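Right, one structure below, let's go through it.
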Amino acid sequence: MKPEISVLIVTYNSAVYIVNCLKSLVSSKKINFEVILIDNNSTDNTLTLIKNYPVKIIKNNKNIGFGPANNLAARHAKGEYFFFLNPDCILTDQNLLYKLYIKMVKNKHLGVVSPNSFMDINNNKVHYSLPYVNRFGVIYHNIKFEDYKGRGITAYSKINGRSDPELLYTDSVRGAHLFVKKELFDKLGGFDESFFLYGEETDLCLRTWKAGYSVGIYLNCSIYHKGLSSPGIFNRYISWVSSQTTFIKKWVPYALPLWFLFYLPIRTWENTLDLLKFKKMWNTKVSIT
C-alpha cells in the first residue's frame, strides 16, 4: 500500500537520539507512512542502532548538509505528504501524523504546518519560541508566543481571510518538524541547497507564502524537540553565520552591511546567552503517550 506520508530524517552522529525518535514513530496510529533515513556519514553507531527498525536507509559518503540531504531523501519518497523530522524529536502523541495529515487535507490554502514543539525544563513543558524575520532579513527564534502578534515580514496580511483558529500563522516553522505536501515541495524546488545548515526552512516557508499558501503552527498538536543537538558549538556558529548571510543576500540584499556591522554582534551575544541558559536548564526526561 502506498504511504500517505513519508517521514524524512537526516542523521549525523545521532546515536544518542535516534532510537527514541524511531520508537515514537513506529507507535503512530491511523495513518499509513514510511520512514526514510538519510545519514550524512556518521562516525558513531547510528546506523547500527537502527538496523532492526522498518526504515529505508540512504548513506552518504560525506556530510552534505541538512537541505541537500532532505532533497535527496525526498526523491526516494513515495508519500503524498512529507514530514521532515529531526532525530532529536519524539512524537508524544500516537496520532500526531494523522492530525497533521487531516489538517492539511481540510485546509487547501495551508502550505506548511508544524506541530507545537516543546522541551522539558525542570520537569515543565516549555514551548519553543517562534521564528520570524524582521524587515532587514534577520531571522529571530527567541520571541515568545504571547509576544508574537503577527510579527515578521509576512505579517498575516497574505492569509486573505482564510484563517484557521487552530493555527498560529508565522513567517516560518522549524525544519525539525515540518509538514508539507509533496506537490508543493516539488513545485518550490525543495530546499535551497545554498544553505548547508540553518535558514533553509525559513527560506522554504517564505517561498510558500510567496506562492500564495500560508504557513502555521498547529496549536493543538504537540511534539517534543530536544534542540541544540547538532554537534560542535563552533561549527554550529559558523553554519549559523553563513546561513544568515546567505538568507539576507537572497531576500534583503541591501541589508548585508547592516547585518555585519550591527545585527551580527547583537545576535551572537543573544545566541550565546540562549545556549548557556538551555545547556544549564535542560531536562531530558520525556514520556511518550
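The values are calculated or read from the model by the stated rules, or taken from the named source; none is laboratory data. Small disclaimer: the values here were computed from a predicted structure and weren't measured. When we count neighbours, we look across all protein chains shown, and the Cβ atoms used for this are built from the backbone with ideal geometry, even at glycine. The protein model used for the area step is the full one, side chains on, heavy atoms only, and it has no ligands, DNA or RNA in it. Shrake-Rupley method; radii C 1.70, N 1.55, O 1.52, S 1.80 Å.
Residues in the stretch 202-230 that are within 19 Å of ASN40 (Cβ to Cβ) and without any contact (Cβ under 8 Å) to a residue 60 or more places away in the chain: LEU228 alone. Within the stretch 33-56, the residues that satisfy the criterion of being among the hydroxyl-bearing types (Ser, Thr, Tyr) and crowded, with 16+ Cβ neighbours inside 10 Å are SER42, THR46, TYR53.
The set of residues in the stretch 1-20 that are of a type in the set (A, V, I, L, M, F, W, C) and either in a helix (DSSP H, G or I) or surrounded by fewer than 21 Cβ atoms within 10 Å (Cβ to Cβ) (or both) comprises MET1, ALA15, VAL16, ILE18, VAL19. Screening the stretch 148-264 for helices (runs of 4 or more DSSP H) wholly inside it with 1 or more residues that are at pLDDT below 85 and not hydroxyl-bearing (Ser, Thr, Tyr) returns the ranges 233-251. Number of residues in the stretch 14-41 that are under 19 Å from the mean Cα position of the chain (by Cα), within 11 Å of LEU97 (Cβ to Cβ) and of a type in the set (Ser, Thr, Tyr) equals 1.
Criterion first (part of a strand (DSSP E or B), over 23 Å from GLY199 (Cα atoms) and not polar (S, T, N, Q)) does VAL35 satisfy it?
Numbers: part of a strand (DSSP E or B): yes; over 23 Å from GLY199 (Cα atoms): yes; not polar (S, T, N, Q): yes.
The answer is yes for VAL35.
Annotation: LYS23 fulfils all but one of (1) under 19 Å from HIS225 (Cβ atoms); (2) buried (at least 18 other Cβ atoms within 10 Å of the Cβ); the unmet one is (2). Right, ALA73: surrounded by 19 or more Cβ atoms within 10 Å (Cβ to Cβ), assigned to a helix (DSSP H, G or I) and modelled with pLDDT of 95 or more or not? So ALA73 fits the description; yes. Only a single item in (1) at pLDDT below 95; (2) of a type outside the set (S, T, N, Q); (3) assigned to a helix (DSSP H, G or I) is not met by ASP93, and it is number (3).
Residues satisfying the criterion are present in the stretch 103-119 (criterion: among the β-branched types (Val, Ile, Thr), out of contact with any strand residue (DSSP E or B) (no Cβ under 6 Å at 6 or more places or on another chain) and not in a strand (DSSP E or B)). Residue-level check: of (1) open to solvent by less than 60 Å² (accessible area, probe 1.4 Å); (2) touching a strand residue (DSSP E or B) at 6+ places or on another chain (Cβ under 7 Å), LYS59 misses just (1).
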